[in-house]
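See below for the structure under consideration.
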Amino acid sequence: MFLDIYSFTKESNNLSLDKVFAVLCTSGCTLRCTNCGKPEIQKFGNKNTDEKTIIDFIKKSKNKNICITGGDPLEQPDLIDFLMMLRMAGAYIRLDTVGTYPEKLKKIIDSGYVDYISMNIKTSRERYYQIIDKNINLSDIDKSIDIIKSSEIEYEFSTVVVKELHDEKVIADIGKWLDGAKRYYINQYNRNNKFTQYTMEELSKFYEILKPHIEQIGIRWFS
Ligand code: SF4
């Protein structure tokens, strides 16, 4: 069993997780976003922790919450075996994905090894190719959205919004794309480099735009 593990944090209070989790970040991401904050993570070959260390940590830890993020963890060929071992160690597992492997995602959900799926939505469907690699098939992302929405698993969709990429039309189009979804988070951009943050008041307008389409909408404000 092999996972290309970019980093492992034993305890993270990252607000997007809503509770304390250990966080395992894997290498590899096919989306190759033009605005990627960690481009080094897109390629494999960054392994610096072994799988056994993580399984042993979860076995011994009182806090069994683990978030597996990336990159896209679904790029890891042995992910399902690893999830099974984490499950046997008693883990509560949150899995992040960008949605380019729908068949694998379905298999994972059906396995019952994962408790929560978080799918990152970059922008509206119409604008995806402004951000991601043009070789990605958008119908895979459509399928992943449908698989998640029609499953019984707890889930969320989320988007990090910035002024340069997400206006009211984009948010309205995301709402229509995800129509009928249970949960969606608008995540504030919290890195002070290339992009401009929205204010809380501006993000609240997005909430109103999304309301007709999504059952539960949250705004994650990181100040
Ligand atoms: S999905 Fe995330 S990790 Fe992957 S390329 Fe885009 S920003 Fe980078």
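The values are calculated or read from the model by the stated rules, or taken from the named source; none is laboratory data. Computed from a prediction, not measured in an experiment: that's the story for all the values here. Neighbour counts are summed over all protein chains in view; Cβ atoms, including those assigned to glycine, are modelled from backbone coordinates with ideal geometry.
For segment 86-124, which positions are buried (at least 17 other Cβ atoms within 10 Å of the Cβ), over 17 Å from the mean Cα position of the chain (by Cα) and assigned to a helix (DSSP H, G or I)?
Scanning segment 86-124 gives Leu86, Arg87.
Kindly provide the set of residues from segment 141-161 that are part of a helix (DSSP H, G or I), in contact with a strand residue (DSSP E or B) (Cβ under 8 Å, 6 or more places away or on another chain) and among the β-branched types (Val, Ile, Thr), ordered by number.
Ile145, Ile148
Among the strands (runs of 3 or more DSSP E) confined wholly to segment 1-79, which include 2 or more residues that are of a type in the set (Gly, Ala, Ser) and in contact with a strand residue (DSSP E or B) (Cβ under 8 Å, 6 or more places away or on another chain)? Before you say what the answer is, go through the steps one by one.
Working: elements: 5-12, 21-26, 65-69.
Result: 5-12.
Considering only segment 143-161, state which residues are surrounded by 13 or more Cβ atoms within 10 Å (Cβ to Cβ), of a type in the set (S, T, N, Q) and out of contact with any helix residue (DSSP H, G or I) (no Cβ under 7 Å at 6 or more places or on another chain).
Ser158
Quick check: is even one residue across segment 183-196 farther than 23 Å from Leu17 by Cβ and modelled with pLDDT of 95 or more?
At the first step, the residues of segment 183-196 found to be farther than 23 Å from Leu17 by Cβ are 194, 196.
Keeping just the survivors that are modelled with pLDDT of 95 or more gives none.
Checked segment 183-196: no residue is farther than 23 Å from Leu17 by Cβ and modelled with pLDDT of 95 or more.
Please state which one of Thr97, Thr30, Thr34 is in contact with a Pro (Cβ under 8 Å, 6 or more places away or on another chain) and within 13 Å of the ligand (Cβ to nearest atom). First the steps, then the outcome.
Working: Thr30 fails: in contact with a Pro (Cβ under 8 Å, 6 or more places away or on another chain); Thr34 fails: in contact with a Pro (Cβ under 8 Å, 6 or more places away or on another chain).
Of the residues listed, the single one that is in contact with a Pro (Cβ under 8 Å, 6 or more places away or on another chain) and within 13 Å of the ligand (Cβ to nearest atom) is Thr97.
So which pairs qualify, if the first residue must be in segment 136-152 and free of Cβ contacts under 8 Å to residues at least 24 places away in the same chain, the second must be in a helix (DSSP H, G or I) and of a type in the set (D, E, K, R), the Cβ gap must be under 9 Å, and the two must be at least 6 apart or on different chains?
Every condition considered, the pairs that remain are Leu138/Arg125; Asp142/Arg125.
Taking Leu74 as meeting all but one of (1) away from the ligand (no atom under 13 Å from the Cβ); (2) hydrophobic (A, V, I, L, M, F, W, C); (3) at pLDDT 95 or above, write down the number of the exception.
(1) is the only condition that Leu74 fails.
Looking only at segment 162-172, which residues are buried (at least 16 other Cβ atoms within 10 Å of the Cβ) and either in a helix (DSSP H, G or I) or at pLDDT below 95 (or both)?
Here is the first cut: in segment 162-172, the ones buried (at least 16 other Cβ atoms within 10 Å of the Cβ) are 162, 165-166, 170-172.
Within segment 162-172, Val162, Leu165, Val170, Ile171, Ala172 meet the criteria.
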